[in-house]
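The values are calculated or read from the model by the stated rules, or taken from the named source; none is laboratory data. A quick note: this is a predicted structure, and the numbers were derived from the prediction, not measured. Ideal geometry is used to build each Cβ from the backbone, glycine not excepted, and the neighbour counts take in all protein chains shown. Quick note on the areas: whole protein, heavy atoms, side chains included, nothing else; ligands and nucleic acids left out. Shrake-Rupley method; radii C 1.70, N 1.55, O 1.52, S 1.80 Å.
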Amino acid sequence: MEEDDWLLDRLLAEGPPVPARGYYLPAVDRCWPHAGPRQPVDIFRSAELFSDVLSGVERTFAQRRSRSASRGWQAKFPSKRMARTLRARSHLELRLLELCEVDARVARFVEQPICILYADADGDRRKHIPDLYLEVEGRGFFVEVKWERDAAHTKNESRWPCIGRAINGLGFGYEVLTERHILRRPRADNVANLLRHRRSDAMDARLQSALRNTLAHGDLSFADVASTWPDITSSSLYRALTDGWLWTDLDCDLGPNSQLRLVRLPTRSAQCD
């Protein structure tokens, strides 16, 4: 009985155990930011929706390929922000598309944007198709999406730097994202909550103009908005967040103290330089 009391006291002192899942584990940094001039890289294919980003980059040849031709599991994601239906090749890719849809800092995202040739650690030529191209706050980079157990495989860990150097040669950064980035809490919970409101009624034009003018001078909390404009509903604020002209930190729990910021995205020419 005394042993049971000792164990109970210890559990209460330590608090609840942290689940050993990617939602809470620290993210592993696999990032190769672009630095330096462009280098020659063989490009086999680029998506039509992505070709403007490659201005000034020579391509070996461009070959049109339908994204629907990919084998294996696929999901369709209708994006209001991109005004088209995107395709995900895994559940984790789908979650990343959803994150991009509600994060106003993401100006554009294109799936399977390009196919390149790169040299692996042994000097052999390999093909690689990044899962996504992202433009975030004026920075363009390519992304590979993998579950952590796959990303950490010895073979993959040896090829990420090789692919990163090749992508850097095009003038862009390269990152490997896992569930530890994409499904982190409370970020994943906030994304799911916002997606439920992306088809809610949009904010009245008069109220939207008043809110924009006020936010131009500084951030406001949800509570500040509610007290200043009682006619602005929480669902219309969530809709504004998914429409991309409002931003809040998705890594913090959404609530009355959440800070809202007016989004000022750079122009297209600035994003693609």
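Out of the residues in the range 196-235 that are touching a strand residue (DSSP E or B) at 6+ places or on another chain (Cβ under 7 Å) and hydroxyl-bearing (Ser, Thr, Tyr), state the one that is nearest to Val263 (Cα to Cα). Checking each candidate, the answer is Thr214.
Within the range 201-217, the set of residues being part of a loop (DSSP other than H, G, I, E, B) and open to solvent by 30 Å² or more (accessible area, probe 1.4 Å) comprises Asp201, Ala202, Asp204, Ala216, His217. Answer with yes or no whether Ala166 is open to solvent by 10 Å² or more (accessible area, probe 1.4 Å) and in contact with a strand residue (DSSP E or B) (Cβ under 7 Å, 6 or more places away or on another chain). The answer is yes for Ala166.
For the range 218-260, name all the residues that are among the charged types (D, E, K, R), in a helix (DSSP H, G or I) and within 26 Å of Ala188 (Cβ to Cβ). Arg239, Asp243, listed by residue number. Across the range 138-156, the number of residues qualifying as surrounded by fewer than 21 Cβ atoms within 10 Å (Cβ to Cβ) and under 25 Å from Asp52 (Cβ atoms) comes to 4.
Residues checked against (1) surrounded by 18 or more Cβ atoms within 10 Å (Cβ to Cβ); (2) not in a loop (DSSP other than H, G, I, E, B):
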{"site": "Ser158", "(1), (2)": "no, yes"}
{"site": "Tyr174", "(1), (2)": "yes, yes"}
{"site": "Ala188", "(1), (2)": "yes, yes"}
{"site": "Arg199", "(1), (2)": "no, no"}
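Of all the residues in the range 134-156, those that are aromatic (Phe, Trp, Tyr) and not in a strand (DSSP E or B) number 1.
In this structure, Leu86 does not qualify as within 22 Å of Arg261 (Cα to Cα), assigned to a strand (DSSP E or B) and modelled with pLDDT of 90 or more. From the residues in the range 111-132 that are surrounded by fewer than 22 Cβ atoms within 10 Å (Cβ to Cβ) and part of a strand (DSSP E or B), which one is farthest from the chain's Cα centre (by Cα)? Applying the filter and picking the extreme gives Arg125. A single entry from Arg199, Arg180 fulfils the requirement of being within 27 Å of Lys146 (Cβ to Cβ) and among the basic types (Lys, Arg): Arg180.
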